[in-house]
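The values are calculated or read from the model by the stated rules, or taken from the named source; none is laboratory data. This structure is a prediction, so every number in the text was calculated from the model and none was measured. Cβ coordinates were reconstructed from backbone atoms using ideal geometry, including for glycine residues, and neighbour counts include every protein chain displayed. Quick note on the areas: whole protein, heavy atoms, side chains included, nothing else; ligands and nucleic acids left out. Shrake-Rupley method; radii C 1.70, N 1.55, O 1.52, S 1.80 Å.
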Amino acid sequence: MKPNEQAIGIFDSGLGGLTILRAVKKLMPKENIIYFGDTAHSPYGSKSKETVAEYSLNIAKFLESKKVKLILVACNTASALALPVLKRHIKAPVLGVIEPGAACAAKVAINKKVTVLGTEATVKSKEYIKNIKKLDKSIAVTQYACPLFVPIIEEGLAGSDICKLAIKRYLTPLKTDKADTVILGCTHYPVIKEDIAKFLGPKVTLVDSAEEIAKRAKEALLRAGLLKTGGKSSTQIYASDLSERFARLALNIIGGKKLKVKENRFYI
Ligand code: DGL
C-alpha cells in the first residue's frame, strides 16, 4: 500500500465523532477512513482523566495497528484529557478538536463573549478557556456542562420532547451571558444543532470544530505529501459494543443507504 493510501483514523466515545467524519469525507472524498466508536464505554464525559486516557490510548493503538497515517481525536473530552498521553505514545500525528474549535470561535466572536457547551469533563478541564485566552485575552468565556445531551443522542432521541426539555434546562442560563458565539464543545452536539439554534435564536453563532479540524487534517496531509486525491475510497466503522441502533443512527449522521459496522471487542 502506498503511504497516501493509508487511512485516516478517527475516534470518539460513540456516534459524535461521525460529525467529524462527515466533514472529513466532504473535504477529502478520496481518503480511506477507519472510525472507532467506543460505545461500550460511552459516555466519556462523566469519567476520570485516567480512565478516558486509558480508553483513548487503547483505541489509538488499535488504529495504529491498522497503519493509519493520521489520527483525529473526534471527541472533545478525549482531546481535553488524553491528547498529551496520545502524543507521547503514538507515532502517527494526532490532532484534537479543542484547539481548532477555540480558533474558530475567537475568529467569529464579535462581542468578545463566548460560551462553551460540553461534557462535565471538558468543562472541568478548562481547555477551551485556555485555548481561547491564548488567542485573545479580551474574550470572556463562560462554560456549561450538558451531561444529558450525549445519552439523549446515543438513544436516538434527538428532536424529541425530552431533548427539547434538556435544551431548555441547560441553555436557559445562557440568555443572561449574552454571548454572540456558542461553541458546541462536544462532537455529539451538532446532531441537535437545529434545536439548539432554535432555542438560542438567530443572533447567536454556533461553532462546531468539524470543518476546522477537517481543514487542519488536510493541511497536515498536504505538508507531509500524504493527501490521497484519486482512486476508490473506503470507510470502515468499528464499534466496541455494536447495536443495530448504532448502525442506524450512524447512517443518519453520515448519509448513505447501507452501512457495514465492524464490531471490535479487543479490550473489553
Ligand atoms: N463526543 C464526545 C465529546 O466530544 C462525547 C463525550 C462523552 O462520551 O461524554 O466530548
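In this structure the amide hydrogen of V116, modeled in the peptide plane, comes within under 5 Å of the amide hydrogens of T142, Q143, Y144, I183, none closer than 5 places in sequence on its chain. The three principal axes of the Cα atoms in region 1-150 give end-to-end lengths of 49, 31, 28 Å, sorted in falling order.
Cα centroids of region 13-91 and region 177-242: 13 Å apart. Restricting attention to region 190-244, lysine pairs at least eight places apart or on different chains and with alpha-carbon atoms under 24 angstrom apart total 6. Converting the Cα gyration tensor eigenvalues of the chain into ellipsoid dimensions via √(5λ) gives semi-axes, longest first, of 28, 21, 18 Å. The phi-based Karplus calculation (6.51 cos²θ - 1.76 cosθ + 1.60; θ = phi - 60°) puts the 3J(HN,Hα) values of region 77-89 at 4, 5, 5, 6, 9, 10, 4, x, 5, 5, 5, 6, 9 Hz, whole numbers, x for Gly and Pro. For helix 210-223, report the angle its Cα long axis makes with the longest principal axis of the Cα atoms of the chain; keep it between 0 and 90° and round to the nearest 10°. Between helix and principal axis, roughly 40 degrees. Spin-label pair K61-L259: with each label point 7 Å from Cα along the Cα-Cβ axis, the two points sit 2.8 nm from one another. Computed from point charges on the beta carbon alone (+1 for Lys and Arg, -1 for Asp and Glu), the dipole magnitude for the chain about its Cα centre is near 740 Debye. Run the numbers for K130 and K112: contour at 0.36 nm per residue of separation, minus the present Cα-Cα distance, in nm. Here the answer is 5.0 nm. Converting phi to 3J(HN,Hα) with the Karplus coefficients 6.51, -1.76 and 1.60 and the offset θ = phi - 60°, region 185-190 yields x, 8, 5, 6, 4, x Hz in sequence order, with x at every glycine or proline. Excluding same-chain neighbours fewer than eight residues apart, the aspartates and glutamates reachable from K66 by a Cα-Cα span under 13 Å are E5.
For the pair R169 and S234, the difference between a 0.36 nm per residue extended length and the Cα-Cα distance amounts to 19.3 nm. Carbon and sulfur: what percent of region 160-268's accessible surface (1.4 Å probe)? Taking all protein chains in place, region 160-268 shows 53 percent carbon and sulfur surface.
Within a straight-line Cα-Cα reach of under 13 Å, K113 can be paired with the following aspartates and glutamates, leaving aside sequence neighbours fewer than 8 residues apart in one chain: D136, D177, D180.
Computed with a 1.4 Å probe over protein heavy atoms only, the accessible surface of the chain comes to 47 Å² per residue. Most fluctuating residue of A109, A214, A74 in a GNM of the chain with Cα springs under 10 Å: which is it? So, out of A109, A214, A74, the one fluctuating most is A109. Helix 49-65 and the longest principal axis of the Cα set of the chain meet at an angle near 30°.
Here the calculated FRET efficiency for K137 and D241, from their Cβ-Cβ distance with R0 = 30 Å, stands at 0.10, rounded to the nearest 0.05. Ignoring aspartates and glutamates fewer than eight residues from K164 along the same chain, the ones with Cα atoms less than 19 angstrom from its Cα are E154, E155, E194, D195. The phi-based Karplus calculation (6.51 cos²θ - 1.76 cosθ + 1.60; θ = phi - 60°) puts the 3J(HN,Hα) values of region 226-238 at 10, 6, 9, 10, x, x, 6, 10, 10, 10, 10, 10, 10 Hz, whole numbers, x for Gly and Pro.
Remark: spin-label model distance A92-L27 equals 1.7 nm, labels positioned 7 Å along the Cα→Cβ axis.
Of the residues A80, G118, L174, the one whose Cα sits farthest towards the positive end of the charge dipole of the chain is A80 (charges of +1 on Lys and Arg Cβ, -1 on Asp and Glu Cβ, taken about the Cα centre). For the chain, the longest principal axis of the alpha carbon atoms and the long axis of helix 98-108 meet at an angle near 50°.
For T235, nonlocal amide neighbours, meaning residues 5 or more places apart or on other chains whose placed amide H falls under 5 Å from its own, are I33. Since only H188, S160, I33 are under comparison, the one whose Cα sits farthest along the positive direction of the charge dipole of the chain, derived from C-beta charges on Lys, Arg, Asp and Glu, is I33.
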